[in-house]
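*Asks:* One structure coming up, written as structure tokens, with questions to follow.
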Amino acid sequence: MDSTFDEEVLNHNQPVLVDFWAPWCGPCRLVAPVVDEIAQEYSDSFKVVKINTDDNPGIASKYGIRSIPSLMIFKNGIRVDMVIGAIPKSTLAATLNKYVGS
């Protein structure tokens, strides 16, 4: 993903939700089903990308990821929002809804 981040996220024609996670992270495992549900429900409005911070340290470092899970929203190549931690689906949906159709 380090090598394809620009193409997959920054240059994508839809807003992109990026889930920074790691397999050893308990809260990441808790939020994973929420992110999967969001990916299905918002498939017309958002692309969802999961980035394992252990496998992609360059991107994690570039965006200052210090806590995981970290969920970032990119629109037109710019980070426009970020949510940190295992949040409820309603919180993530409310955050995403600010960028649907705008």
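Bear in mind these aren't lab numbers, they're just calculated from the coordinates by the rules spelled out. Worth saying up front: this structure is predicted, and the values here are computed from it rather than measured. So basically every Cβ, Gly included, is an ideal-geometry build from the backbone, and we count neighbours across all protein chains shown.
*Asks:* Does the range 44-65 hold any residues that are closer than 10 Å to V16 by Cα and part of a loop (DSSP other than H, G, I, E, B), and which are they? Give the derivation first.
*Replies:* Narrowing the range 44-65 to residues closer than 10 Å to V16 by Cα: 45-49.
Matches in the range 44-65: S45, F46.
*Asks:* Could you tell me which numbered condition Q14 fails, if it satisfies all but one of (1) touching a residue at least 60 places away in the same chain (Cβ under 8 Å); (2) of a type outside the set (F, W, Y); (3) not in a strand (DSSP E or B)?
*Replies:* So the condition that Q14 fails would be (1).
*Asks:* Can you tell which of V31, V48, V35 is under 12 Å from the mean Cα position of the chain (by Cα), surrounded by 13 or more Cβ atoms within 10 Å (Cβ to Cβ), under 19 Å from L10 (Cβ atoms) and of a type in the set (A, V, I, L, M)?
*Replies:* Among V31, V48, V35, only V48 is under 12 Å from the mean Cα position of the chain (by Cα), surrounded by 13 or more Cβ atoms within 10 Å (Cβ to Cβ), under 19 Å from L10 (Cβ atoms) and of a type in the set (A, V, I, L, M).
*Asks:* Between residues in the range 19-35 that are at negative phi and residues that are crowded, with 16+ Cβ neighbours inside 10 Å and among the aromatic types (F, W, Y), which pairs lie under 6 Å by C-beta distance while being six or more apart or on different chains?
*Replies:* Cβ pairs passing all conditions: C28/W21.
*Asks:* Further, regarding this structure: Would you pick out the residues in the range 52-80 that are closer than 16 Å to H12 by Cα and surrounded by 17 or more Cβ atoms within 10 Å (Cβ to Cβ)? Can you show your working first?
*Replies:* Initial filter on the range 52-80 (closer than 16 Å to H12 by Cα): 72-80.
Those that are closer than 16 Å to H12 by Cα and surrounded by 17 or more Cβ atoms within 10 Å (Cβ to Cβ): M72, I73, F74.
*Asks:* Only residues that are of a type in the set (A, V, I, L, M, F, W, C) and either part of a strand (DSSP E or B) or over 13 Å from V34 (Cβ atoms) (or both): list them for the range 66-102, please.
*Replies:* Within the range 66-102, I68, L71, M72, I73, F74, I78, V80, M82, V83, I84, V100 qualify.
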